[in-house]
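FYI, it's all coordinate maths here, none of it is from the lab. Note that the coordinates shown come from a computational prediction; the quantities given were computed from them, not determined experimentally. Note: ideal-geometry Cβ built from the backbone for every residue, glycine included; neighbour counts use all protein chains shown.
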Amino acid sequence: MKIAGFLRTTLLDWDGKVACTVYLAGCNFRCPYCHNRDLVLHPEAVQGLDQEAVLGYIGEHSDFLDGAVISGGEPTLDPGLLDLIKRIRGKGLSIKLDTNGSRPEVLDDLIGAGLVDMVAMDIKAPLNADRYSSVAGVPADVEALRRSIRIIMESGVDYEFRTTVAPILVKERDIEEICREIRGAKCYCLHQFRPDVTLDDKLEVLDPYPESKVLGMAEAARPYVRRVKVRGI
Ligand code: SF4
């Protein structure tokens, strides 16, 4: 396991919680708007942090921290994920997992074992292989993504689905199509696109959608899901 980064305290990565965030290296997607370029493209070159030191910090601050967010990259690719989560939980923290949803079997195992308290899954585009692959930057298995959605929605754990609204990649009309796939979901979140540091540097010159357009997308989502959030505007 390579811990590529560690944020000691954040109020932003898990709504309502004081959390720390652990970033694992490597991802099976290549989303053009990804901010973790080095961690995704060159995981072998990222200098890993000492896992015991990270766990030591978490143990020492467990009275102050509510939970740990496990992010990436794509954490479900890491064979050491289960052990890491168990060790963090052993220190009394809750776990939020950020995932691209491509490994439903890992999600099923973790949720089934009661090891995660919150899951945030990206839904990057309408679940049609061509569209999805163009946003994920690799051929995407949309049936695996659908399985992940089902597992999460039926799990009983807290969750949110989220879409980064990058112009050109995600159109306004896509939001309703995405929301039809998650009809009845507890929470759907739109993330504003940020052009600073993107995996594909062509996107760095792209202007984000204006705020009014993102809020319009949120309105389009509202009839389908129980709660809509917008971040980054
Ligand atoms: S944004 Fe895409 S490429 Fe970046 S970590 Fe998430 S799934 Fe991987």
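For Val69, nonlocal amide neighbours, meaning residues 5 or more places apart or on other chains whose placed amide H falls under 5 Å from its own, are Cys20, Thr21, Val22, Lys96.
Using +1 at the Cβ of each Lys and Arg and -1 at the Cβ of each Asp and Glu in the chain, identify which of Thr76, Val138, Leu12 lies farthest towards the dipole's positive end. In the chain, that residue is Leu12.
For Val230, the residues whose amide H sits under 5 Å from its own are Leu190, ignoring neighbours fewer than 5 places away on the same chain, with H placed 1.01 Å from N. Taking 35 Å as R0, compute the FRET efficiency from the Cβ-Cβ separation of Phe64 and Glu154 and round it to 0.05. Here the calculated transfer efficiency is 0.55. Projecting label points 7 angstrom from Cα along Cα→Cβ for Glu181 and His42 puts them 3.2 nm apart. Label separation (Val205 vs His35): 2.4 nm, computed from points 7 Å beyond Cα along the C-beta direction. If R0 is 25 Å, what FRET efficiency do you get for Lys171 and Glu143 from their C-beta distance, rounded to 0.05? Taking R0 as 25 Å, the efficiency between Lys171 and Glu143 is 0.60.
In this structure, the residue pairs whose Cα-Cα separation is over 29 Å, taken from Lys86/Lys186; Lys17/Lys186; Lys124/Lys202; Lys17/Lys171, are Lys17/Lys171.
When every alpha-carbon pair in segment 3-231 is counted, what percent end up more than 21 Å apart? Beyond 21 Å sits 56 percent of the P(r) for segment 3-231. Applying a DSSP loop filter and a limit of 12 other Cβ atoms within 10 Å to the trypsin sites (Lys or Arg not before Pro) in segment 130-191 leaves Arg173, Arg183.
Under a point-charge model restricted to the Cβ atoms of Lys and Arg (+1) and Asp and Glu (-1), what is the dipole moment magnitude of the chain relative to its Cα centre, in debye to the nearest 20?
The calculated dipole for the chain is roughly 580 debye.
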